[in-house]
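To start, the structure under review is shown below, and the notes come after it.
Just so it is clear, none of the values below were taken in a lab; they were calculated from the coordinates. Because the structure is a prediction, the values reported are computed rather than measured. Here Cβ is always computed from backbone atoms with ideal geometry, including for glycine, and neighbour counts include all displayed protein chains.
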Amino acid sequence: MEKTVGYAVVGLGVGRNHVTAAADAKGGKLVAVCDLRQDRLDRMVNILKERGTYPEDLKLYSDFDEMLKDPEIDVVSVCTPSGTHAELAIRALNAGKHVLVEKPMDIEVERILEIEKARVRTGLKVGGIFQNRRNAVMEPVKKAVENGDLGEIFTGFFRVNWHRTDEYFLESGGWRGTWAMDGGGSLMNQGVHTVDIMQWLLGDVASIRSETRIINHNIETEDFTNSIVKFKSGAIVNLISTTCARPGFGTDIQLTGTKGSIHVDAETLIRWCICRDGATHEEIVAEEREMLAKYGAVKSTGSADPTAITLRGHAYQVQDMIDAVRFDRDPMVGPMEATKAVRIINAVYESARTGKEIFFD
Ligand SMILES: NC(=O)c1ccc[n+]([C@@H]2O[C@H](COP(=O)([O-])OP(=O)(O)OC[C@H]3O[C@@H](n4cnc5c(N)ncnc54)[C@H](O)[C@@H]3O)[C@@H](O)[C@H]2O)c1
């Protein structure tokens, strides 16, 4: 008989998405949740009861190491502040649990490499959350890039024009916007998804030159970054992130190549212009119309409200993690893949700090 995968989640902020996904997952069983805060544990129980997926035998923990002793647990989702991820993930691996870690997998590349070492040593599975790769519109975009439909992609922009309130940075113990726990600001926290998509679409980075500022939040890191990113392919793109764009404007991804351009705002397709060989103007317009009918109306974004981030991507990745364990395969994003965005973001910060262009190997 196929194994049922016992699932646990530590950290019940966005971790609640992992919990509800595990409660719904095929081949999985929600076994336990853990948080230092009793109000978060209570809220989780209420959410599960309200949606009719509360397992009567659910175990509630406030001590992570106690939870790790539970033999019914196979997988732990780590959803605590970003600067704690590697430490908790490695503790879970050492206790014999597979782990799915929220983005960024950690704030330092070196610490993600420690997770990778623990993964290899234990032979367990490690997945990283980058749920935006699963946005429906990303499938045709990735395909178009891989097929060379845009010709040589020589430029583009990746702009995360979001807004976060002062309260957002004060709540939950004030870890957000600190170097130690958030590892940065608008780029490491909000922008990391878009940086991941950028490198997923355009490949290896050659160099980065950046400026960062604190515009109007009382934080130690940044709430605005602006970078020129050069890729080994020759593409030169503009990467911008901010949490000061009231009331929360959007996430623009635009690619421009010698044969066409694509513009996406978060999950919504804005333009799709591909000049296929021999295509008439009418055919180009008809293809765009068809793509807009399919992908142009989707609206969901966390640009103004962190709780508006959809469940779909998390549900996909939790199911993917459970299936990775059930069918003994790799999860969608592994540690080495998860280092890429973090390396880019830390290069942005280094460039801003030193005033120098940072070159990649
Ligand atoms: N994928 C996404 O779209 C998305 C969205 C939001 C946040 N995140 C990521 O999720 C992580 C958490 O962010 P958040 O906004 O939910 O933060 P949060 O502060 O709201 O929640 C974190 C929770 O972890 C708990 N916690 C911390 N240390 C713990 C420990 N040792 N044992 C048990 N519980 C512990 C805290 O009590 C808190 O309830 C961050 O890494 C963030 O980047 C991802």
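Output the direction-averaged projected area (hull surface divided by four) of the convex hull of the alpha-carbon atoms of the range 60-118, in nm².
3.7
Arranged by the count of other C-beta atoms within 10 angstrom, fewest first, what order do Val99, Val229 take?
Val229, Val99
Which distance in Å, rounded to a whole number, links the C-alpha centroids of the range 144-182 and the range 248-291?
The range 144-182 and the range 248-291 have Cα centres spaced 22 Å from each other.
Taking the chain as the reference, fit the longest principal axis to its C-alpha atoms, fit the long axis of helix 109-122 to the helix C-alpha atoms, and give the angle between the two in degrees, 0 to 90, nearest 10.
Taking the Cα atoms of the chain, the angle to 109-122 is about 50 degrees.
How compact and how long is the range 184-272, expressed as Rg and Dmax of its alpha-carbon atoms in Å?
For the range 184-272, the Cα radius of gyration and maximum Cα-Cα distance read 13.8, 45 Å.
Among Leu36, Ile197, Leu113, pick out the residue whose Cα is farthest towards the positive end of the charge dipole of the chain, where Lys and Arg carry +1 and Asp and Glu carry -1 on C-beta, about the Cα centre.
Positive-end residue among those listed: Ile197.
Can you say what percent of the DSSP beta bridges in the chain, counting only those with both residues inside, are antiparallel? Round to 5.
60
For the range 152-223, just the Cα set please: Rg and Dmax, both in angstrom.
14.1, 47
Calculate how steeply helix 281-295 sits against the longest principal axis of the alpha-carbon atoms of the chain, using the helix alpha-carbon long axis, and give the answer as 0 to 90 degrees to the nearest 10.
20
Label-point separation (nm) for Glu282 and Met181, each offset 7 Å from Cα along Cα-to-Cβ?
The modelled label-to-label distance comes out at 6.2 nm.
Output the 0 to 90 degree angle, nearest 10, between the alpha-carbon long axis of helix 38-50 and the longest principal axis computed from the alpha carbons of the chain.
Helix 38-50 sits roughly 80 degrees off the main axis of the chain.
P(r) of the range 106-235 in 5 Å steps, Cα pairs, percent per bin?
2, 8, 15, 18, 17, 17, 13, 7, 3, 0
Could you list Trp175, Trp162 in order of exposure, starting from the residue whose Cβ has the fewest other Cβ atoms within 10 Å?
Arranged by neighbour count, lowest to highest, Trp175, Trp162 become Trp175, Trp162.
How large is the charge dipole for the chain, taken about the Cα centre, if only the Cβ atoms of Lys, Arg (+1) and Asp, Glu (-1) carry charge, to the nearest 20 debye?
180
Run lengths n ≥ 4 of DSSP H only: what is the helix-derived mean residue ellipticity at 222 nm for the chain, with -39500 (n - 2.57) per run over all residues, to the nearest 500?
-11000 deg cm²/dmol
Evaluate 2.2 N^0.38 Å with N set to the residue count of the range 32-148, then give the Cα radius of gyration divided by it.
1.26
Among 347-355, 12-20, 52-60, how do they line up from the highest to the lowest mean number of other beta-carbon atoms within 10 Å?
In decreasing order of mean packing, 347-355, 12-20, 52-60 become 12-20, 347-355, 52-60.
Out of Met67, Gly123, Gly184, whose Cα points farthest toward the positive end of the dipole of the chain (charges: +1 Lys, Arg; -1 Asp, Glu; placed on Cβ)?
In the chain, that residue is Gly123.
What percentages, rounded to whole numbers, describe P(r) for the chain computed over all alpha carbon pairs with 20 Å bin width beginning at zero?
The distribution over the chain is 29, 57, 14, 0, given as percents.
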